[in-house]
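The values are calculated or read from the model by the stated rules, or taken from the named source; none is laboratory data. On a predicted model such as this, the values are computed, not experimentally measured, just so you know. A quick note on method: Cβ atoms are made from the backbone with ideal geometry, for glycine too, and the neighbour counts reach across all protein chains shown.
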Amino acid sequence: MIVCVCHRISDRDIARHAQQGISSFDELQMESGVSTCCGKCESCARDTFEQARQHHTIALIRNASQFTQAAKKA
Ligand code: FES
C-alpha cells in the first residue's frame, strides 16, 4: 500500500527502513523523504513506522532467544 503519494513510498518501504536500523521518524524522513511534501501522510506514516519498528524489535528478541537456547544445547 502506498503511504506517501508525493514520494511514492509504500508500507513495505517503511518496514525495510525500520529493519535496516532507522530508529526515529525524523531519520526516516531524512532517508526516504516520507511526509516532507504536503504532509497529509504523516499520521499514517508514523503509525506504519512504529508498527514496523515494534515488529522488527520482537523479531530481534526472538532470534536472540533462539540463539541463546541453541548455544546452551551445544
Ligand atoms: S503524501 Fe506524503 S508528503 Fe504528501
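Numbers below:
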{"read-out": "Residue satisfying all of: in the range 17-71; closer than 19 Å to M1 by Cα and of a type in the set (K, R); modelled with the lowest pLDDT among these", "value": "R53"}
{"read-out": "Checking K40 against (1) surrounded by 13 or more Cβ atoms within 10 Å (Cβ to Cβ); (2) within 12 Å of the ligand (Cβ to nearest atom); (3) not in a helix (DSSP H, G or I), the condition it does not meet", "value": "(1)"}
{"read-out": "The range 1-34 - residue that is among the small types (G, A, S) and under 30 Å from N63 (Cβ atoms) and, of those, farthest from the ligand (Cβ to nearest atom)", "value": "G21"}
{"read-out": "Failed item, numbered, when A52 is tested on (1) touching a helix residue (DSSP H, G or I) at 6+ places or on another chain (Cβ under 7 Å); (2) within 16 Å of the ligand (Cβ to nearest atom); (3) of a type in the set (G, A, S); (4) in a helix (DSSP H, G or I)", "value": "(2)"}
{"read-out": "Filter pass, A45 being of a type outside the set (D, E), in contact (Cβ under 8 Å) with a residue 40 or more places away in the chain and surrounded by 11 or more Cβ atoms within 10 Å (Cβ to Cβ)", "value": "yes"}
